[in-house]
Structure formats: structure tokens, C-alpha cells
Amino acid sequence: MASASELATRSVVVGNTTVNMDADSEIQRLTRRSFATGAIAALAGGSALAWLATRSTIGGIPWPLRRVLQFNESVAQSLFDSNRLAPEFSAQRAVEPRVNGRVGLHTATDTESWMVRIVGKADQRVPLAAIKELPAYEMTTELKCVEGWSSVVRWKGARLADFLAKYGSPSSFVGLSTPTVAADSHGNVDRYYVGLDRPSALHPQTLLCYEMNGESLTEGHGAPLRLVSTVKYGYKCIKRVGVIELSENRPADYWAERGYDWYAGH
Ligand SMILES: Nc1nc2c(c(=O)[nH]1)N[C@H]1C(S)=C(S)[C@@H](COP(=O)(O)O)O[C@H]1N2
Ligand SMILES: [Mo]
């Protein structure tokens, strides 16, 4: 069995082999597409590739890897402590992070008259101004991308917990999405979407942010409203939040559908 510290770094023990699934050391060496194949090949050597190629897939991922990901998810879940706060840094350390990921940001929108649409249990539209009237919190925290970089950033916004207490209604999961836009000429819809389990949604460092480093959010960083959570990797920190869904089922998640861990804790 894996020791507690091995679990904490999210390694997987198979027989005598420990495979470190920690994003910082593994995923950055693998492209997103080959990650599934690469990680499982590391378990058993090159011949595993041929074997893996013959396995059936679940959600596009060969089943042996799907089981590893599910194992990771349950480890991440059982280690999650909703009261644990991530470290905060002095505001002087804040830098401008790179713009990373533009899915759902390709269509121009009117950020002046921004409304967040709540769907699922408490359908209504909440204007951005009302979100700015909720108690404002500032935090200088590390934004960690699963690809292996991180930046200390100062954020300002409302707690998602306060937003949900006022405008939502209790639900097991919270889904956040960029606004609905028309399909392009190829029939593709530009949309980014993430799912959060309730404890992560209610965590005190999970904010709906409208300011970064003392300025209004820029377009590339998610104007006019984005999610920032210290208990999640960057891929859960959705930019340009337009829809919030209250659900009893795990909401769809853009990167989870492409093989990443659904919980994305770190
Ligand atoms: N709408 C949208 N939000 C997104 C993404 C995206 O592609 N589209 N990428 C995510 C990823 S992978 C990361 S690491 C962070 C990066 O935030 P930044 O661009 O402000 O540095 O945004 C996240 N939010
Ligand atoms: Mo990322």
C-alpha cells in the first residue's frame, strides 16, 4: 500500500513501481494528447503501449488509465479538508500571469451589461453590479497550472459561497460556464466549462473575481468575471463566467473530458 506521503504527492503504486502522477513532474513532459498513453506505458514499459492500444476506451480513455484517474480522484477527495487555507503572500510579490487558455473567449461580448445566469434550481440573472455589492475579499495566492508553471497573483472578488447563499440554493455540485454563444460556420461552439464539488465551491478562497493586481480584469484574464480557487489547479479557474448551474450530478468539465482529474485538487 502507498504511504501517506506518497498519497499526498498523488503517486500510484503498482506492484513495486511508484508512478508519480504529480502534474509538475509528469504531465509537462507529455503532450495533453499523449498523456493517457504515456502514463500507463510508464507503469509497465514499452510493451504496455501495444497492449494498451488494444484496450477498449471509456470516454475516449483506455480503461486501465481511466481506473488510475479514478483512483487519484478518490485520493484527492479523501485528503480534501474544506477548512484548510492555501498560503497567502505579500501583495508585493504579485506578478502578471501569462494568458493561458482562451477557450470560450473568442466571441466579443459586452462586459458593461454583464449578467450571470443561474440555472438548475434557482433560475435568474444576476447583474455584475450585484456581485460587486457582495462582501469583497482580496487574496495574494499562487495560480498553479497543471502544465508546470505558477504565478503569485493578487485577486479581488466575492466569495462564491456568498453568491450561492444569496442567489443560489443548496446543490451537490456547481457548474460554471462561459456564456452561450452561436456556433461558428463549422458548427463549433466556443465554450469553456468546469464543475466543482460543493466543498470546493464553498471554500473561503474560492472567489468570483473582477480584479487582478489592483486593476479590472483584462479580456485575456477573464473580464469581467472569473473564478479563482486556491484548492484547484488553474484549469478549474474559469475565465469569463456567464452561467452558474446548480446540480445534483457532476457537471461536465472541459479538461476532465480530455483526461485530466475531475477534482483537480493540489
Ligand atoms: N474560459 C477559459 N477559462 C480558462 C481557460 C480557458 O481556456 N478558457 N484555461 C484555464 C487554464 S488551463 C489556466 S492555467 C488558467 C490561466 O489563467 P490566466 O490566463 O489568467 O493566467 O485559466 C483557466 N481558465
Ligand atoms: Mo492550466
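The values are calculated or read from the model by the stated rules, or taken from the named source; none is laboratory data. Everything numeric here is computed off the predicted structure, so don't read it as measured data. Note: areas computed on protein heavy atoms with side chains; ligands, DNA, RNA excluded. Shrake-Rupley method; radii C 1.70, N 1.55, O 1.52, S 1.80 Å.
Can you list the HN-Hα couplings for segment 242-253, worked out from phi with the Karplus curve (6.51, -1.76, 1.60; θ = phi - 60°), rounded to whole Hz and with x for Gly and Pro?
Each residue of segment 242-253 in turn: x, 9, 10, 10, 9, 9, 8, 10, 4, x, 4, 9 Hz.
Using 23 Å as the Cα-Cα cut-off, could you pick out the over-long pairs in K121/K232; K156/K236; K121/K144? Numbers along the way, then the final one.
Numbers: K121/K232 25 Å; K156/K236 17 Å; K121/K144 32 Å.
Table pairs above 23 Å Cα-Cα are K121/K232; K121/K144.
Could you rank K239, K121, K166 by how accessible they are, 1.4 Å probe, largest area first?
Sorted by accessible area, descending: K166, K121, K239.
Considering only protein heavy atoms, what is the solvent-accessible area of L85 at a probe of 1.4 Å, reported in Å² to the nearest 10?
100 Å²
Percent of accessible area on segment 136-252 owned by carbon and sulfur, 1.4 Å probe?
On the way: 1880 of 4050 Å².
For segment 136-252, the apolar C and S fraction of the accessible surface comes to 46 percent.
Taking θ as phi - 60°, what are the ³J(HN,Hα) couplings along segment 169-185 by the Karplus curve (6.51, -1.76, 1.60), each to the nearest whole Hz, with x for Gly and Pro?
So the Karplus estimates, Gly and Pro as x, are 7, x, 8, 6, 9, 10, x, 10, 9, 5, x, 5, 10, 5, 5, 7, 5 Hz.
What order do H186, H106 take when sorted by accessible area (1.4 Å probe), most exposed first?
Largest to smallest exposure gives the sequence H186, H106.
With θ taken as phi - 60° and the coefficients 6.51, -1.76 and 1.60, list the Karplus ³J(HN,Hα) couplings across segment 101-112 in order, rounded to whole Hz; mark glycine and proline as x.
Values, residue by residue: x, 10, 5, x, 10, 7, 8, 5, 9, 8, 7, 5 Hz.
With a 1.4 Å probe and every protein chain left in place, work out the accessible area per residue of segment 135-249 in Å², rounded to a whole number.
On a per-residue basis, 34 Å².
What does the accessible area of Y233 come to, in Å² to the nearest 10, when a probe of 1.4 Å is used?
10 Å²
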